[in-house]
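Notes to accompany the following structure.
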Amino acid sequence: MDHFTYKNGELYAEELPLREIAAKVGTPFYCYSTATLERHYKVFSGAFDGVKALVCYALKANSNLAVIRTLAALGCGADVVSKGELRRALAAGVPPEKIVFSGVGKTADEMRAGLEAGIHQFNVESEPEVRLLSEVASAMGKTAVIAFRVNPDVDAKTHAKISTGKAENKFGVPWQDVSRIYGEAAKLPGIEIRGVDVHIGSQLTDLEPYRNAFNRVRELVLQLRAEGHDITRVDLGGGLGIPYDGTVPPDPAAYSLVALEAMGNLDVQLIFEPGRMIVGNAGVLVSEVLFVKQATKRKFIILDAAMNDLIRPAMYDGFHAIDPIREDQKTGPQGPADVVGPVCETGDTFARERDMPEAIAAGDLVAFRSAGAYGAVMASTYNTRPLVPEVLVKGDQYAVIRERPSLEELLKLDIMPPWLGS
Ligand code: LLP
């Protein structure tokens, strides 16, 4: 459930018409709903009430400081994958003891930053990584608390580009080597092994892959304990899907049952890293129709938003519902059209032969739904299009939480070498 609904004939974000925000901020822009963010976090964390659990929101899904702070204020932790995300989590007020540092390629500098901050744990993905972490921590006179991310070799049944738990994926330590790797890492100075970590993919709509992975992890915990490791934490990753196209994914309560069935009596702290599930449906991308063009074979609705603003359709064939802001257009006659952006490549297509309002015309606004996750964070300035602004709504208030950069700011990033003149 989200708080983007039709009222008084038009689409609102909570108590504000998106049209009014568009008039002030200009299009395209991302708009997030505080009530939706809070609701999603509470539904997820509520599914683990009474359990030793730490929810670490995966910043990669949407790392705007205002979004992070909204969640941190509810007690949410953070899963970070870079020094930059670590900085964001700390700047937004996430306590270091609620931060986990994931990622397959951390640099020594990033390790130092995590150790300096005193984070909860590093999720380590390889032997060379744990050796480097040991060196870095020892040199600082510190101890890095770690979990190894294990690769359970299960098929997450999601898009290949966001599936991470198969043996052929780059993630985690191979299942058959886990025992040896834990044994060797336990001897390293500056390393304290506390946990096991697993993350099998993103936008999962089926609980079976989770069940398989979690059961494997359970056995692993028992085995590692028998081998003398003091395993007190299990990080189960993120990945729970959201309803983009009407397919309803399992809700957090059902997911929680699967997690607790496998982990329930292990007496471990459970760590979760949800991203999309928290922010996905808490955001929309609002765009204006520039032209409607009738070509020989197709009708094209040309928007002022493009693939650089929302890459998911081009990159993963991701489906985003595209709703007109005017309710009469939503309920009126629909006909097939391709919804495209202005970027000079055919990949800049948001939807093909999608039923869209027949009455839609230049100047009308549309909202891409479910754009709160992996939207703004994956945007680029391709075609020298400045990043679009982000707006956060709370009730009847809104605030711009990231400005649209000017072209001057964008151009200033480039530096003319002396031999070309100024
Ligand atoms: N933890 C780890 C280690 C991850 O790699 C990810 C996502 C998450 C947690 C959060 O997963 P979530 O709950 O959001 O599914 N850009 C793609 C999704 C990439 C996901 C990468 N890892 C997309 O737009 O679909």
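Summary of computed values
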quantity: Angle in degrees between helix 252-263 and the longest Cα principal axis of the chain, rounded to the nearest 10; calculated: 10 degrees
quantity: Carbon plus sulfur fraction of accessible area for the stretch 34-278, probe 1.4 Å, in percent; calculated: 50 percent
quantity: C-alpha long axis of helix 208-226 to longest principal axis of the chain, angle in °; calculated: 20 degrees
quantity: Label-point separation, Glu20 to Thr346 (7 Å along Cα→Cβ), nm; calculated: 4.4 nm
quantity: Derived scalar couplings ³J(HN,Hα) [the stretch 12-26; Karplus, 6.51 cos²θ - 1.76 cosθ + 1.60; whole Hz; x for Gly, Pro]; calculated: 10, 9, 6, 9, 10, x, 4, 4, 5, 5, 4, 5, 7, 8, x
quantity: Exposed GluC sites (Glu not before Pro) absent - longest run of the chain, DSSP non-H/G/I/E/B, at most 16 other C-beta within 10 Å; calculated: 16-167
quantity: Over the chain: helical MRE at 222 nm, DSSP H runs n ≥ 4 each giving -39500 (n - 2.57), nearest 500; calculated: -8500 deg cm²/dmol
quantity: For the stretch 212-234 versus the stretch 73-141, the gap between their alpha-carbon centres in whole angstrom; calculated: 23 Å
quantity: Largest-first principal axis extents, alpha carbons of the stretch 34-278, Å; calculated: 49, 37, 35
quantity: FRET E, pair Glu408, Leu222, Förster distance 45 Å, beta-carbon r, rounded to 0.05; calculated: 0.15
quantity: Intensity falloff of the chain expressed as log10 I(q)/I(0), Debye formula with alpha-carbon point scatterers, at q = 0.07 Å⁻¹; calculated: -0.37
quantity: C-alpha center-to-center spacing [the stretch 308-358, the stretch 360-422] in angstrom; calculated: 19 Å
quantity: Between 0 and 90°, nearest 10: helix 83-92 axis offset from the chain longest Cα axis; calculated: 80 degrees
quantity: Karplus-derived HN-Hα couplings along the stretch 147-154 (A = 6.51, B = -1.76, C = 1.60, θ = phi - 60°), whole Hz, x at Gly and Pro; calculated: 10, 8, 7, 9, 9, x, 6, 10
quantity: Alpha-carbon centroids, the stretch 268-296 and the stretch 168-182: separation in whole Å; calculated: 33 Å
quantity: In the stretch 265-374, the trypsin sites (Lys or Arg not before Pro) that fall in loop regions by DSSP, at most 12 other Cβ within 10 Å; calculated: Lys297
quantity: Sites Lys166 and Asp267, calculated FRET efficiency, Cβ-Cβ separation with R0 35 Å, nearest 0.05; calculated: 0.70
quantity: Chain lengthening between Leu74 and Phe291 when straightened (0.36 nm per residue, less Cα-Cα); calculated: 73.8 nm
quantity: Residue-normalised accessible area of the chain, expressed per residue, 1.4 Å probe, Å²; calculated: 42 Å²
quantity: Distant-in-sequence amide H partners of Ala58 (H built 1.01 Å from N, under 5 Å); calculated: Asp79, Gly275
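The values are calculated or read from the model by the stated rules, or taken from the named source; none is laboratory data. On a predicted model such as this, the values are computed, not experimentally measured, just so you know. We place every Cβ from the backbone using ideal geometry, glycine too, and count neighbours over all the protein chains shown. Only protein heavy atoms, including side chains, enter the accessible area calculation; ligands, DNA and RNA are left aside. Shrake-Rupley method; radii C 1.70, N 1.55, O 1.52, S 1.80 Å.
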